[in-house]
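Here's the structure, in structure tokens; my notes come after.
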Amino acid sequence: MLSDATENTTETSGIPAREQIQQIPISELHPFEGHPFRVVDDEAMTRTVESISQFGVISPLLARTDPDGGYEIISGHRRCHAAELVGLETLPVIVREMDDDEAIIAMVDSNLQREAILPSERAWAYKMKLDAIKHQGSRTDLTSGQVVQKSKLSAERVAEGTGESYKQIHRYIRLTNLIPELMNMVDEKKIAFNPAVELSYLTREEQSLLLEAMDYAQATPSLSQAQRLKKQSQEGTATLDFMCEIMNEVKKEPADRVIFQADSLRKYFPKSYTNRQMEETIIKLLEQWQKRRKREQTR
């Protein structure tokens, strides 16, 4: 089943030194159960396929043995899919024995290093890791105050290395309370993050009513509207009529602002450019245009 095991003597991708790299058939590898990160055939996958076609799979996958047979991938789902598209039959894999909590934490940590992560992916990943950390240190003899402090410490552990505060971790996890239709709208940037957090406090039935109100008004809630909807939900008065009234309000844009969507501008810039770099370039080009106009006017 395994062939040509080699020794990995350096620390790469969180893999301890001197673990064995084994060539394992792709047919024996399957995704991690409940894996929240999507594997899609997008532009990034095309680049991965091209890289593997040219150089092979350089970084080994991380997996654990599955009692039901084969191996469960912890890290490397996208590489595995790309290798299948290329037509490879085996992959280099580090097989590490881990319990469920250890596997979840390793799976989340490895995937959070990706450049582009959807809000829903981040939300479910943080929730899975937080639940695993809590389970590792579960105790039944704590007072309510100790439970709150323990929850904060657990969230701080989730936040390590992410650049997020523990409060922001909790805000992302709130998104997991959204119904799928609203979560998809967050991923598609139709609903902004902050309003989405407020909407997560609505019951699932209220969220379904909100979808009707949004369709009626052909609008999505602003932060202030979402906060009002949350308040009405807490008071038990978030009716469909109220939601339609809220969503039918005219949103006023500041008169002194011109707003561009980043997606409409990105086709004019290199893929590596950040929003800030695009803004700086646009300002420079406008300055050049203004100087040229002044020169033409003085002729």
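Calculated FRET efficiency, Leu223 and Gln54, Cβ-Cβ r, R0 45 Å, to nearest 0.05?
Efficiency, from the Cβ-Cβ distance: 0.45.
Convert each backbone phi in region 162-178 into a coupling constant with the Karplus relation 6.51 cos²θ - 1.76 cosθ + 1.60 (shift: θ = phi - 60°), then list the ³J(HN,Hα) values in order as whole Hz, x for Gly and Pro.
9, x, 9, 7, 5, 5, 5, 4, 5, 5, 4, 4, 4, 4, 5, 8, 6
Can you sort Lys127, Lys231 so the residue with the fewest Cβ neighbours within 10 Å comes first?
Listed from fewest to most nearby Cβ atoms, that is Lys231, Lys127.
Mind listing the phi-derived Karplus ³J(HN,Hα) values for region 29-40, rounded to whole Hz, using 6.51, -1.76 and 1.60 with θ = phi - 60°, and x for any glycine or proline?
Karplus-based 3J(HN,Hα) across region 29-40 equals 9, 9, x, 5, 5, x, 4, x, 8, 7, 10, 10 Hz.
Once the Cβ-Cβ distance between Glu43 and Arg204 is put in as r, and R0 is 22 Å, what FRET efficiency do you end up with, to the nearest 0.05?
Taking R0 as 22 Å, the efficiency between Glu43 and Arg204 is 0.05.
Among Lys230, Lys189, which comes first, then next, by fewest other beta-carbon atoms within 10 Å?
Ascending number of Cβ neighbours within 10 Å: Lys189, Lys230.
Between Arg266 and Tyr216, how high is the FRET efficiency from 1/(1 + (r/R0)^6) when r is the Cβ-Cβ distance and R₀ = 30 Å? Nearest 0.05.
The calculated FRET efficiency here is 0.40.
Collect residues whose amide H, placed 1.01 Å from N in the peptide plane, falls under 5 Å from the amide H of Ile21; neighbours closer than 5 in sequence don't count.
Thr6, Glu7, Asn8
Would you please give the residues with an amide H less than 5 Å from that of Leu91, counting only those at least 5 places away or on a separate chain, with H modeled from the backbone geometry?
Under 5 Å from the amide H of Leu91 lie the amide H atoms of Ile24, Ile26, each far enough along the sequence or on another chain.
Sorted from largest to smallest, which semi-axis lengths in Å does the alpha carbon gyration tensor of region 178-252 give for its equivalent ellipsoid, taking the root of 5 times each eigenvalue?
Values for region 178-252, descending: 16, 14, 12 Å.
Pop out the ³J(HN,Hα) list for region 58-75 in order, Karplus 6.51 cos²θ - 1.76 cosθ + 1.60 with θ = phi - 60°, rounded to Hz; leave Gly and Pro as x.
7, 8, x, 6, 10, 9, 10, 5, 9, x, 8, x, x, 9, 9, 6, 9, 9
Neighbouring Cβ atoms within 10 Å as the yardstick, rank Ile179, Ile191 fewest first.
Listed from fewest to most nearby Cβ atoms, that is Ile179, Ile191.
Length gain on complete extension for the stretch Ser165 to Glu84, per 0.36 nm per residue less the alpha carbon to alpha carbon distance?
Extra length from Ser165 to Glu84 when fully extended: 25.4 nm.
None of the figures in this text is laboratory data; all of them are computed from the coordinates on show. Computed from a predicted structure; not experimentally measured. Cβ coordinates were reconstructed from backbone atoms using ideal geometry, including for glycine residues, and neighbour counts include every protein chain displayed.
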